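First comes the structure, then the notes that go with it.
Bear in mind these aren't lab numbers, they're just calculated from the coordinates by the rules spelled out. None of the values given here were measured: they were computed from a predicted structure. We place every Cβ from the backbone using ideal geometry, glycine too, and count neighbours over all the protein chains shown.
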């Protein structure tokens, strides 16, 4: 561990192998444009009492476990819920823990059946065909749409 601590204090990225690990609190986002390589990763965190960062590649290869805190206030926030599939999250929670989701179960929103292709075409072409047309090619198209509407029962 002293090797990793020394590399951290040098303020340079450290390519040495991971020897063990420890818990860190990730709470920010880095920017490769920052002058300090230590803060140029994708996620910022505190370790050994210093702010540093790691890349998405590091996260994908070295992260073994991740915990996220979701407060009851999050579940009452439209902004938070807009970015979360709560039904899938609740199902995943139950699958992982074997326990019911500890918040009100999300009510599935019924998905309306998709409109038929004919209905979708009529919704656009019908109003267009109802207007007066003067160009010969548009008059021909208008007549074809009206014949199609009659054949389809619109």
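Summarised as an ellipsoid, the stretch 52-109 has semi-axes of 26, 16, 11 Å, derived from the eigenvalues of the Cα gyration tensor scaled by 5 and square-rooted, with the largest first. Once both labels are positioned 7 Å from their Cα atoms along Cα-to-Cβ, the gap between residue 132 and residue 45 label points is 7.1 nm. FRET efficiency for the residue 148 to residue 109 pair, using the beta carbon distance and R₀ = 35 Å, is estimated at 0.55.
Expressed in nm to one decimal, what extension gain is obtained for the pair residue 71 and residue 57 from 0.36 nm per residue of sequence separation less their Cα-Cα distance? Write out the running numbers ahead of the final one.
On the way: separation 14, 0.36 × 14 = 5.04 nm, distance 2.86 nm.
The span from residue 71 to residue 57 would gain 2.2 nm if fully extended.
Each peptide in 63-76, 80-93 gets a packing score, the mean of other Cβ atoms within 10 Å over its residues, and the list from highest to lowest is 80-93, 63-76. Projected label points at residue 80 and residue 96, each 7 Å from Cα along the beta carbon direction, are separated by 1.6 nanometres.
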